[in-house]
Amino acid sequence: MLDGKTNPLNFPPRGLGRVDAAKYIGISASLFDELVAKRLMPDPRMMNTRKVWDIRELDRAFDELPHSNRSATTDSNLPSDFV
């Protein structure tokens with residue numbers, strides 16, 4: 001996990017909880033929620049009642065985010081603190 005605990009199996013988790021998913025892409029949990037709502041980050045998968053984000057889907061969504069050299073008018077779907 002991304003919380004600093006030792007992983008005895010020595011491989012990264014495939015699924016991440018909300019806070020770890022936000023940390024994984026380098027943003028706060030509240031901004032992550034905003035990006036999920038705006039469909040710029042994937043919806044979670046469900047494991048019983050627990051929401052889990054697929055690390056591969058996070059990677060794909062992150063790859064699709066705009067680069068900083070684009071104008072704010074082309075990135076109108078982004079939150080104001082993200083542009």
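The values are calculated or read from the model by the stated rules, or taken from the named source; none is laboratory data. Keep in mind the model is a prediction, meaning the values are calculated, not measured. Note: ideal-geometry Cβ built from the backbone for every residue, glycine included; neighbour counts use all protein chains shown.
General remarks:
- Filtered residues of the stretch 28-54 (kept if surrounded by 16 or more Cβ atoms within 10 Å (Cβ to Cβ), out of contact with any strand residue (DSSP E or B) (no Cβ under 6 Å at 6 or more places or on another chain) and either assigned to a helix (DSSP H, G or I) or β-branched (Val, Ile, Thr) (or both)): Leu31, Phe32, Glu34, Leu35, Val36
- Matching entry among Asn77, Asn7, Asn69 (being touching a Lys or Arg at 6+ places or on another chain (Cβ under 7 Å) and modelled with pLDDT under 95): Asn77
- Within the stretch 22-39, residues that are at positive phi have Cβ atoms under 9 Å from residues that are in a loop (DSSP other than H, G, I, E, B) in these pairs: Arg39/Asn77, counting only partners at least 6 apart in sequence or on another chain.
- All positions within the stretch 29-43 that are among the aliphatic types (A, V, I, L, M) and under 11 Å from Leu58 (Cα atoms): Val36, Leu40, Met41
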